[in-house]
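Let me begin by presenting the structure, written as structure tokens, before commenting on it.
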Amino acid sequence: MQIEDYLQAKKLHLPLFGVKPETMKAEDWVLLNRQVLGVIKLTLSRSVAHNVVKEKSTADLMKALSGMYEKPSANNKGASDEEIVQFEDGR
């Protein structure tokens, strides 16, 4: 996702992993996680943001977004080998 690249460039990528670094204070971690969560939510359209409004951590938000967009749907699944139709004229 492009947002991951943006967060890496801004050095805001740590909350993506969901694990607080041992050297970071707990209150600093909470603040950083909240900041990154806000940045990501600001980039989402309203309809998408509505679906993930309950996510309280960056890692959970990214999992939810991945689940929404990485699952195959009926529209983008495509035809399997068994579903290919052969026309009578050989097309």
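The values are calculated or read from the model by the stated rules, or taken from the named source; none is laboratory data. These numbers come from a predicted model, not from an experiment. Cβ sites come from the backbone with ideal geometry, for glycine too, and all protein chains shown count toward neighbours. Ligands, DNA and RNA are excluded from the accessible area calculation, which covers all protein heavy atoms including side chains. Shrake-Rupley method; radii C 1.70, N 1.55, O 1.52, S 1.80 Å.
Odds and ends about this structure:
- Cα-projected label distance for Lys25 with Glu70, points at 7 Å along beta-carbon direction, nm: 3.5 nm
- Residues of the stretch 1-62: accessible area per residue with a 1.4 Å probe, Å²: 72 Å²
- Low-density loop cleavage sites - GluC sites (Glu not before Pro) in the stretch 1-66, where at most 16 other Cβ are within 10 Å (DSSP): Glu22
- Using the Karplus relation 6.51 cos²θ - 1.76 cosθ + 1.60 with θ = phi - 60°, the per-residue 3J(HN,Hα) values for the stretch 62-70 come to 5, 5, 5, 5, 4, x, 6, 10, 9 Hz, with x marking Gly and Pro.
- Across the stretch 41-49, computed HN-Hα scalar couplings (Karplus, 6.51 cos²θ - 1.76 cosθ + 1.60, θ = phi - 60°) run 4, 5, 8, 8, 5, 4, 5, 6, 4 Hz from first to last residue, x flagging Gly and Pro.
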